[in-house]
Amino acid sequence: MTATAAEQNHLSSPSHPQRWLILGVICLAQLTVLLDNTVLNVAIPSLTRELDASTADVQWMINAYSLVQSGLLLTAGSSADRYGRKKMLIAGLALFGIGSLVAGLAQTSAQLIAARAGMGIGGALLMTTTLAVVVQIFDETERVKAIGIWSTVSSLGFAVGPLIGGVMLDHFWWGAIFLINIPVAVIGLVAVARLVPESKNAGGDRPDLLGALLSTIGMASVVYAIISGPEHGWASGRVLLTAFVGVAVLTGFVLWELHIPYPMLDMHFFRNQKFVGAVAGAILVAFGMGGSLFLLTQQLQFVLGYEPLEAGLRTAPLALSVVALNLTGLGARLVPKLGTPVTIAAGMSLLAAGLAAIALLGGDGYGGMLLGLVVMGAGIALAMPAMANAIMSAIPPEKAGVGAGVNGTLAEFGNGLGVAVLGAVLGSRFASLVPAAVGAASLPAALASATDAGERARITDAFASGLETSQLFGAVAVLVGGLLAAVLLRRAERAESAPADSAGTAAAA
């Protein structure tokens, strides 16, 4: 028996004696990585003031992390399988900690954007290996419970970022929201080195480095075009050129993945309507949640006048409703009763209704926003388990890890795209209502340049109108996408059941 085979057999033994402690460490690292998807949202006013950041700068600070992470998730997972999950966990924690240090000490917008991109590399390594280690150290009797805890922490991390950011900004300067990651990274490094067993598959597929490069460049170019549209004009050479480059590079990525024997993303998955429907839903849930949180924190602070901590606390109901319903397992229990298409359609409809409630009822006070946040949380808790089940059941069992990587990649891309698209809609609406303020880099800058109270009121009202328009745009996109996903899933289920019905009829005859 080879050393690798012996190692794999050892790792498949019933359960690791320190499995719950390891799970705690892994969940802490996972929580920190996911917090950084949204923790920066409440710091937007501070960044615009202290770094003189424009709206496009702020969007890139947020998107640099999620775009780099999404571009590298599949390659990171393949590398972890081939070279060792423990090694990749340690490398991810180290890169994430170093990136956090650079971000916390950044003096310019460009430095912070670069640091966030570096953190995205570490985050990709962490996100692709934490679940693999959970599966590795728990036997089948405890694995479902462990993965449930891991999933709840993932949902909590994404939604509670604004609250953590608000607490930090209430007591410290904006850089502290990154420096707090460093102790977590150090604790994680020590714990992983001492506790986590190594596992790898030396015969696994080679990393698709060119595929990772093409996907990252393509997605970044497309999102850059969307971000730059309101500022430079949708027909400007810069926007059209970057959009063309993005589409061309992504087309090259698809052709490359179809050509090589070890693709980062197996394009044959997209022939399966069930897979396509579930992936579309996953992207749009992230699109709606990421984009809405980006807009909500600005609405709470710029329009309703809350401080960062107050704004963070007022986004907490979204996280609480997601976690509460995930812990009860409501979504997982509804799938076998209602079916996957109906459950996804119901969840996406609730998510869209929550966005619409925030747009239509949240402009004058917090009550309408609270209702929208709770309804959004209920929709996310319903849709996410159903979509995960659909994705994993649509692909061969031996490629389950690749399917999970696809889901994570496209969800990260959906988050970045939500910030870019809804931010672009906001910027376009604001520019059309207050043309004189278009030259200002941000809302605070536009208000500072106003000559009297009447002009400041017009600018604030225009910004609020832009927020309402962008939230409604997000609601329509989520609703249409959710219904489309449900239709595709229903058609796939009928196509699967038709051969079985024919076989049953033939047997009866």
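The values are calculated or read from the model by the stated rules, or taken from the named source; none is laboratory data. Everything quoted here is computed from the prediction, not taken from an experiment. Note that each Cβ is placed from the backbone with ideal geometry, even for glycine, and that neighbours are counted across all protein chains shown. Heads up: the accessible areas ignore ligands, DNA and RNA and are worked out on the full protein's heavy atoms, side chains in. Shrake-Rupley method; radii C 1.70, N 1.55, O 1.52, S 1.80 Å.
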Cβ-Cβ under 6 Å, sequence separation 6+ or interchain: first residue in region 72-85 and touching a residue at least 60 places away in the same chain (Cβ under 8 Å) and within 17 Å of ASP266 (Cβ to Cβ), partner buried (at least 24 other Cβ atoms within 10 Å of the Cβ) and of a type in the set (Ser, Thr, Tyr). Which pairs? LEU73/THR128; LEU73/THR409; LEU74/THR409; GLY77/THR128
Hey, among VAL245, VAL303, VAL254, which residue is within 21 Å of LEU169 (Cα to Cα) and among the β-branched types (Val, Ile, Thr)? VAL303
Give me the pairs: first residue in region 310-328 and open to solvent by 10 Å² or more (accessible area, probe 1.4 Å), second residue not in a helix (DSSP H, G or I) and not basic (Lys, Arg), beta-carbon distance under 8 Å, and six or more apart or on different chains, which are they? ARG314/TYR306; ALA316/VAL160
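One line per residue, one yes/no per condition, for (1) surrounded by fewer than 24 Cβ atoms within 10 Å (Cβ to Cβ); (2) under 23 Å from ALA191 (Cβ atoms); (3) not assigned by the TED database to the domain that holds ALA146:
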{"residue": "VAL33", "(1), (2), (3)": "no, yes, no"}
{"residue": "GLN59", "(1), (2), (3)": "no, no, no"}
{"residue": "ASP81", "(1), (2), (3)": "yes, yes, no"}
{"residue": "ARG85", "(1), (2), (3)": "no, yes, no"}
{"residue": "ALA91", "(1), (2), (3)": "yes, yes, no"}
{"residue": "GLY97", "(1), (2), (3)": "yes, yes, no"}
{"residue": "VAL102", "(1), (2), (3)": "yes, no, no"}
{"residue": "ARG116", "(1), (2), (3)": "no, no, no"}
{"residue": "THR129", "(1), (2), (3)": "no, yes, no"}
